[in-house]
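Shown next, in structure tokens, is the structure this report addresses.
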Amino acid sequence: MFDACFKFKTEGTPVSCERYGNGHINETYLVVTDKGVWYILQRINERVFKDIPGLMHNISSVCSYLYKMRPDPRRVLTIVPPLEGGSYMHDEDGYWRMYIFVTDSLCLERVENKRDFYSSAIAFGNFQNLLSGFDASSLYETIVDFHNTPVRMQNLQNAIKEDKLGRAKTCQREIDFALSQEKNCSFLMDLLKKGDLKLRVTHNDTKLNNVMLDATTREPLCVIDLDTVMPGIAANDFGDSIRFGASTAAEDEEDLSRVSMSLELFEAYAKGFLSECRSALNDTEVATLPMGAHLMTLECGLRFLTDYLEGDSYFRIHRPDHNLIRTRTQFKLVEDMESKMGDMNRIIEGIA
Ligand code: ADP
Ligand code: GN1
Ligand code: MG
């Protein structure tokens with residue numbers, strides 16, 4: 001067990017600490033104490049997050065703000081402070097933080113039914129709505145240009161040029177597809193620059209496995225993984241959920257014939273999301289939700305492909321070509337979304 005387990009204000013003394021969850025970025029552990037209380041301990045990824053004090057400042061202030069509105073540790077992610085005070089601690093093994101474990105909950109890796117996806121949409125829509133009064137300028141940009149799709153395209157082009165592992169020849173089709181999408185990349189950023197879209201406090205990583213549902217009722221409980229909470233575009237939060245949750249297959253499915261975007265799931269998510277935050281969004285933000293799905297999926301594919309070309313130093317992989325497999329599912333989804341853009345727009349118009 002890491003020494004870190006014992007350095008937080010836990011109820012009881014930790015008796016086990018085991019690897020937990022399927023995140024691509026941090027190292028997550030489930031800690032159980034002799035009093036039977038569960039906690040989540042995380043070693044924060046220092047390669048990905050360059051300013052950990054800034055990141056923890058964001059999380060602490062957002063959690064305190066939400067806790068005032070919902071004082072319940074099953075409904076708001078709750079930090080367990082270290083013995084030395086503050087919100088995280090640093091030792092020879094790295095940067096650590098601890099959260100109260102959201103009890104009697106489920107965290108889904110795949111959508112099992114439409115209702116669960118609707119519940120996750122309520123959670124993220126509500127998160128968006130509750131934070132619409134939060135001062136975005138008080139937050140640090142924990143990863144600069146995180147959802148700046150044109151910059152992600154530029155990063156890919158640099159990686160192709162450098163091709164430091166000689167992998168470009170193994171993924172020419174994916175490279176060609178990515179480059180053919182260059183014209184679409186700046187769609188949302190241009191609207192933001194024009195002032196038609198608002199810079200809001202957004203989550204920026206709205207995967208299904210970043211929301212907890214009640215294990216019995218499957219009602220939404222709380223949004224987790226707040227590392228990327230920072231100023232952003234609402235359509236990106238909507239879009240990233242669609243990218244992951246409305247896909248008919250896993251993010252790393254190898255059989256591409258199984259990968260498509262389900263309009264039924266898209267509609268369920270849109271209904272849940274907008275029922276919570278429609279009143280907080282302007283009409284352009286609502287109208288661009290389908291484009292958010294397209295661009296978040298494209299961007300994620302660009303990021304997986306870049307990481308593959310650069311030697312898999314960002315996303316955790318479980319096999320040598322894992323990032324390339326992930327790239328392929330994302331690009332398959334982009335193609336499918338393009339063919340369904342008219343339907344997606346009609347669904348949004350119908351709800352809004
Ligand atoms: P990553 O950034 O690596 O995705 P997350 O913060 O999402 O890390 O945590 C990884 C997984 O750990 C989650 O998908 C979830 O299963 C579990 N988890 C994280 N925080 C909690 C919590 N407070 N309560 C219960 N489970 C949690
Ligand atoms: C990462 O941390 P996790 O697994 O929730 C990534 C997201 C990607 C996602 C792809 C900080 O999310 O941006 O969309 O993988 N998080 C970060 O599955 O880069
Ligand atoms: Mg996560």
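Per this entry, MET153 is not counted among residues that are free of Cβ contacts under 8 Å to residues at least 60 places away in the same chain, touching a helix residue (DSSP H, G or I) at 6+ places or on another chain (Cβ under 9 Å), assigned by TED's automatic domain parsing to the domain that holds PHE238 and not in a loop (DSSP other than H, G, I, E, B). Within segment 286-306, is even one residue away from ligand 2 (no atom under 16 Å from the Cβ) and assigned to a loop (DSSP other than H, G, I, E, B)? Scanning segment 286-306, I find at least one residue that is away from ligand 2 (no atom under 16 Å from the Cβ) and assigned to a loop (DSSP other than H, G, I, E, B), so the answer is yes. Residues in segment 190-203 that are under 19 Å from the mean Cα position of the chain (by Cα) and not hydroxyl-bearing (Ser, Thr, Tyr): LEU199, ARG200, VAL201, HIS203. Residues of segment 198-220 that are open to solvent by 10 Å² or more (accessible area, probe 1.4 Å), touching a residue at least 40 places away in the same chain (Cβ under 8 Å) and more than 12 Å from ligand 2 (Cβ to nearest atom): LYS198, LEU199, ARG200, MET212, ASP214, ALA215, THR216, ARG218, GLU219, PRO220. Consider segment 34-46 and keep the residues that are more than 16 Å from ligand 3 (Cβ to nearest atom) and within 27 Å of GLU109 (Cβ to Cβ). The one that is surrounded by the most Cβ atoms within 10 Å (Cβ to Cβ) is TYR39. Residues in segment 1-24 that are modelled with pLDDT of 95 or more and within 16 Å of ligand 2 (Cβ to nearest atom) were compared, and the one that is surrounded by the most Cβ atoms within 10 Å (Cβ to Cβ) is TYR20.
Scanning segment 161-176 for residues that are open to solvent by less than 40 Å² (accessible area, probe 1.4 Å) and assigned to a helix (DSSP H, G or I) turns up ALA168, GLU174, ILE175. Only residues that are assigned to a helix (DSSP H, G or I) and buried (at least 18 other Cβ atoms within 10 Å of the Cβ): list them for segment 235-265, please. Within segment 235-265, ALA235, ASN236, ASP237, PHE238, GLY239, ASP240, SER241, ILE242, ARG243, PHE244, GLY245, LEU265 meet the criteria.
Looking across segment 266-285 at every residue that is of a type in the set (A, V, I, L, M) and surrounded by fewer than 21 Cβ atoms within 10 Å (Cβ to Cβ), the one that is modelled with the lowest pLDDT is identified as ALA280. Does ILE143 satisfy being in the same structural domain as ALA246 (by TED's automatic domain parsing), in contact (Cβ under 8 Å) with a residue 12 or more places away in the chain and within 16 Å of ligand 1 (Cβ to nearest atom)? The answer is yes for ILE143.
Among the residues of segment 21-50, the one identified as of a type in the set (A, V, I, L, M, F, W, C), in a loop (DSSP other than H, G, I, E, B) and within 6 Å of ligand 1 (Cβ to nearest atom) is ILE25.
The values are calculated or read from the model by the stated rules, or taken from the named source; none is laboratory data. Computed from a prediction, not measured in an experiment: that's the story for all the values here. Counting neighbours? That spans all protein chains shown, and the Cβs are built from the backbone with ideal geometry, glycine included. What goes into the accessible areas is simple: the full protein's heavy atoms, side chains included, and nothing from ligands, DNA or RNA. Shrake-Rupley method; radii C 1.70, N 1.55, O 1.52, S 1.80 Å.
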